[in-house]
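To start, the structure itself, in structure tokens.
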Number of protein chains: 2
Amino acid sequence: MVPHLITALTGPINELEQRVLESMPAIERWFRLEWMEHTPPFYTSVDLRNAGFKLAPVETNLFPGGFNNLTPAMLPLAVQAAMAAIEKICPEAKNLLLVPDRGSRSPFYLQNIQRLVQIFTQAGLNVRLGTLDDSVKAGARLTLPDGGELTIEPLQRHRGRLGLKDFDPCTILLNDDLVAGVPQALQSLHQQYLLPPLHAGWGARRKSNHFRSYEEVAKKFAKLLGMDPWLIHPLHGAGGRVGAGDEAAMDAVRGHVEALFTKVRRKYKEYGIGEKPFVVLKSDQGDGGFGIVTVRDLKELEDPAGRLPAALRQMAEAGRGDSELIVQEGVPTFERINDAVAEPVVYMIDRYVVGGFYRIHAERRADENLCGPGSSFVPLAFAESHQLPRAGLKPGASAPNRFYMYGVIGRLAMLAAAYELEATDPEAEIYD
Amino acid sequence: MVPHLITALTGPINELEQRVLESMPAIERWFRLEWMEHTPPFYTSVDLRNAGFKLAPVETNLFPGGFNNLTPAMLPLAVQAAMAAIEKICPEAKNLLLVPDRGSRSPFYLQNIQRLVQIFTQAGLNVRLGTLDDSVKAGARLTLPDGGELTIEPLQRHRGRLGLKDFDPCTILLNDDLVAGVPQALQSLHQQYLLPPLHAGWGARRKSNHFRSYEEVAKKFAKLLGMDPWLIHPLHGAGGRVGAGDEAAMDAVRGHVEALFTKVRRKYKEYGIGEKPFVVLKSDQGDGGFGIVTVRDLKELEDPAGRLPAALRQMAEAGRGDSELIVQEGVPTFERINDAVAEPVVYMIDRYVVGGFYRIHAERRADENLCGPGSSFVPLAFAESHQLPRAGLKPGASAPNRFYMYGVIGRLAMLAAAYELEATDPEAEIYD
């Protein structure tokens with residue numbers, strides 16, 4: 001099941017893998033203790049990049065799609081994790097209202113919803129689908145590629161509770177990332193569990209908060225393992241704003257980028273890494289893979305005519321020009337499946353890794369964002385292996401050991417999201 | 001992975017399967033609510049028998065061996081369930097002391113221990129083995145068939161705590177069924193979790209208590225599904241005592257057997273079952289598969305010369321003659337793998353089904369106990385299927401649906417054990 005991977009596995013990452021394996025009981029206990037203090041997000045997917053010399057999460061998704069890319073072998077793990085999650089949140093739960101992404105009706109996305117329905121039905125819930133799309137006025141059947149059907153229904157508010165016709169759920173599970181803000185229908189719900197909470201939506205969430213939390217988590221974890229947190233943490237900072245013609249703002253962006261380049265070069269020198277470093281500029285808000293700009297050289301951000309440099313024009317045009325940017329150390333991905341660049345994605349439900357796959361993109365380079373049209377997915381049997389590291393195998397040579405390490409780093413990013421959601425919880429302020 | 005099964009699947013059991021599938025969310029919710037009130041045993045295996053017309057647990061083991069018979073594909077589920085169990089019992093746990101069966105050093109049993117070590121290590125514990133065998137005075141290495149090694153060490157008591165040299169565990173996991181009573185080493189432990197509790201050992205446990213609890217559980221469950229509890233419950237009753245030459249006692253045994261035969265025949269008639277019914281006499285205590293007597297005809301218990309009938313001689317000779325017997329409706333097993341009689345065994349950790357396999361025995365008949373020398377095991381990929389019933393398939397024709405049903409009945413027996421352990425908890429009496 002595990003495709004042949006070509007990885008540039010030089011020094012540090014093999015050491016990391018070895019240290020992670022040796023420290024397995026300590027790591028699992030550390031997570032257990034962290035979860036005593038912090039509540040994991042309900043479900044999470046994390047994009048990782050393995051550069052050979054470092055391994056880091058680059059995106060933490062709290063409204064994960066792509067469950068359809070997990071192999072069927074992973075389903076029992078997902079169902080068991082869903083059972084554990086429900087038991088903690090609302091053991092008497094009968095009905096679950098699943099709210100799909102309002103904009104997406106691609107067959108791939110519908111298969112993701114189908115898979116989620118399957119998981120939560122088998123965990124013991126009556127699952128129905130309610131859409132945020134106001135144009136749906138009555139139950140509508142959507143046909144899936146396998147011939148199956150999904151019925152989406154219009155949402156109904158009744159006495160402060162959200163439901164469907166003849167369906168009053170105790171729990172509402174969002175799979176819409178709320179990038180366009182929080183719809184009226186989801187506001188001020190009365191005694192219903194809304195998962196994830198509204199402030200996890202991209203209308204409110206900021207990547208800078210997440211990576212700040214991740215930095216904290218990575219430092220704690222690195223201390224546990226006695227290693228440099230940089231090996232699992234991409235350097236980052238505020239990136240300023242971009243706007244056409246605003247030369248002062250562009251100067252500030254260049255300043256941020258230059259400062260980060262300096263830090264990254266210092267680290268590359270420290271570890272004797274011959275690669276040419278790069279950084280990425282992203283909107284501080286979610287953007288679905290648009291508007292991520294790879295900067296390989298500061299010159300790319302300079303334009304003698306004072307116009308917006310080509311590299312940023314796309315971002316400004318995507319309507320993100322007026323929002324904050326973050327600048328982040330680029331982590332090249334050196335994993336390949338056949339000739340395509342590959343990056344692992346780890347899926348979690350509650351605190352458990354339930355599966356994962358490789359996102360591959362034959363047309364992009366190792367330093368580019370692989371999320372976007374043209375990408376494809378290779379389901380990997382994470383489930384069979386992530387928890388089953390094999391002691392004694394040569395570091396870097398064992399897929400099970402690799403996947404265990406990926407599961408650990410994925411969980412670190414999930415833990416960071418838990419920190420982030422606590423720090424940004426608007427209701428927590430009441431008690432301040 | 002699923003071997004070809006030949007099952008005599010006539011009316012009622014297919015109806016049961018269909019009803020179980022249709023009621024899946026209700027069943028899972030029912031279990032969730034039960035687990036809010038009752039604590040599942042730490043780990044459990046349940047032997048089932050599928051007669052075609054009924055499906056029932058015949059043995060509930062609270063110190064399960066045979067984890068080595070589960071397929072490797074089931075390991076992640078077992079690890080995840082172990083994580084969930086530890087998190088609830090003792091989240092800060094670092095060290096686990098595993099106490100193997102004191103008498104057994106067969107390679108099969110050692111592989112079971114090896115598998116348990118693997119599961120709990122990967123769940124994040126430092127696992128070491130301490131033996132109840134007093135003849136072990138220093139750490140001893142035992143070699144496994146795969147070339148691996150296990151080290152067993154002598155137990156040490158220190159200030160009321162049980163451990164090993166330089167090893168103070170917070171949790172002690174017993175895999176010895178304590179049939180010979182509770183050793184001094186395990187008594188009056190100070191602030192350590194002992195799992196399962198001492199009164200789950202066969203020195204204290206009685207099958208009659210278990211099956212009484214199972215009857216209660218089966219009735220509740222049958223009410224939920226609107227069906228006759230007999231379809232999942234073997235009729236049972238007290239069986240008296242046997243002793244050589246004690247004719248009055250033998251009369252009493254015959255009376256119990258006859259009364260049960262009458263009840264069973266009535267049920268067979270009600271359901272139009274053409275099979276010839278049989279009953280089994282067992283010691284009320286655990287006996288490792290010895291001393292189970294199949295009675296096909298009351299005449300087998302009569303002996304004109306007043307001697308102990310042959311059928312019971314074996315039991316008396318096994319030293320159980322002075323203990324109470326139970327008499328239980330025999331449930332024939334009509335599943336076959338090739339030509340061998342097969343019975344499914346379901347494995348659970350905490351509340352989760354983590355796997356299962358078929359115990360097969362080519363030399364025994366459908367109405368005999370399959371546990372004993374000569375039996376073999378076919379690991380079945382329960383893990384891939386037990387939670388994944390497939391709606392819409394013909395009843396009785398789908399292995400995944402069959403296994404989901406087995407997982408449900410296995411969990412009913414586990415729930416019965418939870419009831420039983422509550423009812424028999426000696427410490428609970430303090431609060432009466």
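Observations
- A simple packing score, the average count of other Cβ atoms within 10 Å per residue, orders the peptides A:176-189, B:136-149, B:87-100 as B:87-100, A:176-189, B:136-149, with the highest score first.
- The spacing between the stretch A:400-414 and the stretch B:245-265, judged by their C-alpha centroids, is 62 Å.
- A point 7 Å from Cα along Cα→Cβ stands in for B:Phe167, and the other copies hold the same point at 5.3 nm, listed in rising order.
- Sorted from nearest, the other copies put their A:Tyr271 label points 6.5 nm away, the label point being 7 Å from Cα in the direction of Cβ.
- Candidate lysines - alpha carbon under 24 Å from B:Lys282, same-chain residues fewer than 8 apart omitted: B:Lys54, B:Lys207, B:Lys219, B:Lys263, B:Lys267, B:Lys299
- Think of the stretch A:209-291 as having a plus end and a minus end, set by charges on the Cβ of Lys, Arg, Asp and Glu; of A:Val264, A:Ala218, A:Gln285, A:Ala218 sits farthest toward the positive end of this dipole.
- Buried on assembly, the stretch B:93-126 (at least 10 Å² less accessible surface than by itself, 1.4 Å probe): B:Ala93, B:Lys94, B:Thr121, B:Gln122, B:Ala123, B:Gly124, B:Asn126
- Each other copy places its own label point for B:Thr39 at 2.6 nm from this one, sorted shortest first, where the point lies 7 Å along the Cα-to-beta carbon line.
- Here each label is just a point 7 Å from Cα along the line to Cβ, and for A:Glu22 and B:Asp228 those points are 6.5 nm apart.
- Partner shielding of B:64-74 amounts to 1, given as the average count of beta-carbon atoms from other chains within 10 Å of each residue beta-carbon.
- The modelled label-to-label distance for the pair A:Tyr271/A:Thr71, using points 7 Å beyond Cα in the direction of Cβ, is 2.9 nm.
- Where B meets A: accessible area buried, both sides, 1.4 Å probe, Å²: 3300 Å²
The values are calculated or read from the model by the stated rules, or taken from the named source; none is laboratory data. The shown structure was predicted, so the numbers you read here are calculated from the model rather than taken from an experiment. Cβ: placed from backbone, ideal geometry, glycine included. Neighbour counts: every protein chain shown. For the accessible areas, the whole protein counts, side chains as well, though only heavy atoms, and no ligand, DNA or RNA atoms are used. Shrake-Rupley method; radii C 1.70, N 1.55, O 1.52, S 1.80 Å.
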